[in-house]
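Chemist: This is the structure I want to talk about, given as structure tokens.
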Amino acid sequence: HCESDAWQAIQRFNSEQRSAWFQWKLGVQTVTRPAKRTGRGRPKKEEPLSMETVYVPKLEQFFRDEAAVEAEKRLLSTFVLISNAETSGYSDTDLLRAYKGQDAAETRFRLLKDPQLVDGIYLKTPDRIAALGIVLVMALLLYGILEYRIRQELDKQDKPFRIPGRSRDYKPTGQVLLVMLQQIKVLLIRYADRTERVLTDNADDLACRVVEMAGYDMTIYTANRVEITCR
């Protein structure tokens, strides 16, 4: 209601909304307008119109500090990466891409940390522990390949899995696929001169579909296998 109040409001706004990237200038505009009536109902025709003068903050100038904005962009786009890799064959972009791509592999490592899979390791020599680690990583690689192949085929077929107890699934995890494959039962029949592997006749259709989408057929369960003895 007075010019002094308006300037105080401007100073308070400038203090609270201070910005390093934007600058503005505010002024005070004098406005004369009808005053708000205190009585109830519609005004009478002979009632004089009461006017009041108020002081309104007005935006006079506004601009962006391009130099400050560019400096902030450079700061936010800077990524500090320390690596012990030989960087002679890598550009900064390649090294950053390799670092950012680690999550594609590391998200699967939680499977190896599952205590149901790896808990106590009853191996004594470092070489055997390292060998077990290699076997587990190779198994994890096959796990990822199975998941990748099935998801690629689902994208082509546009026909999701209908998993019991779940909704339609276009991106099943490897764990879900392995649970499906566990439904396939194989009978091992030993004769005097040979051993045969026979599939039961109640193989789950969904499990058979997983095998086919992975690029195989059901004969992988009954084909003769060569046993290798490690020394």
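Chemist: Order of 7-18, 138-149 by packing, highest average Cβ count within 10 Å first? Numbers along the way, then the final one.
Modeler: On the way: 7-18: 11.3, 138-149: 14.5.
Highest-to-lowest ranking by the protection proxy: 138-149, 7-18.
Chemist: Same structure, new question: Counting only residues 5 or more places away or on other chains, whose amide H sits under 5 Å from the amide H of residue 58 once H atoms are built in the peptide plane?
Modeler: Long-range HN contacts for residue 58: 27, 28, 29.
Chemist: Give the ranking of 90, 221 by solvent-accessible surface, highest area first, calculated with a 1.4 Å probe.
Modeler: Details: 90 120, 221 40 Å².
The residues order as 90, 221, largest area first.
Chemist: I would also like to ask the following. Report the FRET efficiency, 1/(1 + (r/R0)^6), for residue 50 and residue 23, where r is their Cβ-Cβ distance and R0 is 45 Å, rounded to 0.05.
Modeler: Numbers: r = 40 Å, r/R0 = 0.88.
Efficiency for this residue pair is about 0.70.
Chemist: So how far apart, in nm, are the two label points at residue 195 and residue 181 if each is 7 Å from Cα heading toward Cβ?
Modeler: 2.0
Chemist: Just to confirm, what accessible area per residue do you get for the chain at 1.4 Å probe, in whole Å²?
Modeler: Numbers: 19290 Å² over 231 residues.
Roughly 83 Å² per residue, with all protein chains present.
Chemist: Compare 130, 207, 67 in a GNM of the chain, Cα atoms joined below 10 Å, and give the one with the largest fluctuation.
Modeler: 67
Chemist: What percent do you get for the relative contact order of the chain when only Cα pairs under 8 Å and 6+ apart count? Show your work: numbers first, answer last.
Modeler: Numbers: 175 pairs, mean separation 26.6, N = 231.
Dividing the mean separation by the residue count of the chain yields 12 percent.
Chemist: Counting only protein chains, not ligands or nucleic acids, how are 77, 19 ordered by accessible area (probe 1.4 Å), most first? Show your work: numbers first, answer last.
Modeler: Details: 77 90, 19 30 Å².
These residues rank, largest area first, as 77, 19.
Chemist: Within the range 121-221, what is the number of lysine pairs with alpha carbons under 27 Å apart, leaving out pairs fewer than eight places apart on the same chain? Write out the running numbers ahead of the final one.
Modeler: Working: 156/171; 159/171; 159/185; 171/185.
Lysine pairs satisfying the spacing and distance rule in the range 121-221 number 4.
Chemist: A further question on this structure: Between residue 156 and residue 106, 0.36 nm times their residue separation minus their Cα-Cα distance comes to what?
Modeler: My answer for the length gained is 15.3 nm.
Chemist: Return the calculated 222 nm mean residue ellipticity for the chain, to the nearest 500 deg cm²/dmol, obtained by summing -39500 (n - 2.57) across DSSP H runs with n ≥ 4 and dividing by the residue count. Intermediate values should be presented prior to the final figure.
Modeler: Values: 8 runs with 91 residues, N = 231.
The helix-only estimate for the chain comes to -12000 deg cm²/dmol at 222 nm.
Chemist: Heads up, I need the accessible area for residue 62: 1.4 angstrom probe, whole protein in place, Å², nearest 10.
Modeler: Surface open to solvent at residue 62 totals about 120 Å².
Chemist: Follow-up question, since we're still on this one. Please give the residues of the range 31-46, grouped as numeric ranges, whose backbone N is less than 17 Å from a label point set 7 Å along the Cα-to-Cβ vector of residue 2.
Modeler: 31
The values are calculated or read from the model by the stated rules, or taken from the named source; none is laboratory data. This structure is a prediction, so every number in the text was calculated from the model and none was measured. Backbone-built Cβ (ideal geometry, glycine too); neighbour counts: all protein chains shown. Calculation scope for accessible area: heavy atoms of the full protein, side chains included, ligands and nucleic acids excluded. Shrake-Rupley method; radii C 1.70, N 1.55, O 1.52, S 1.80 Å.
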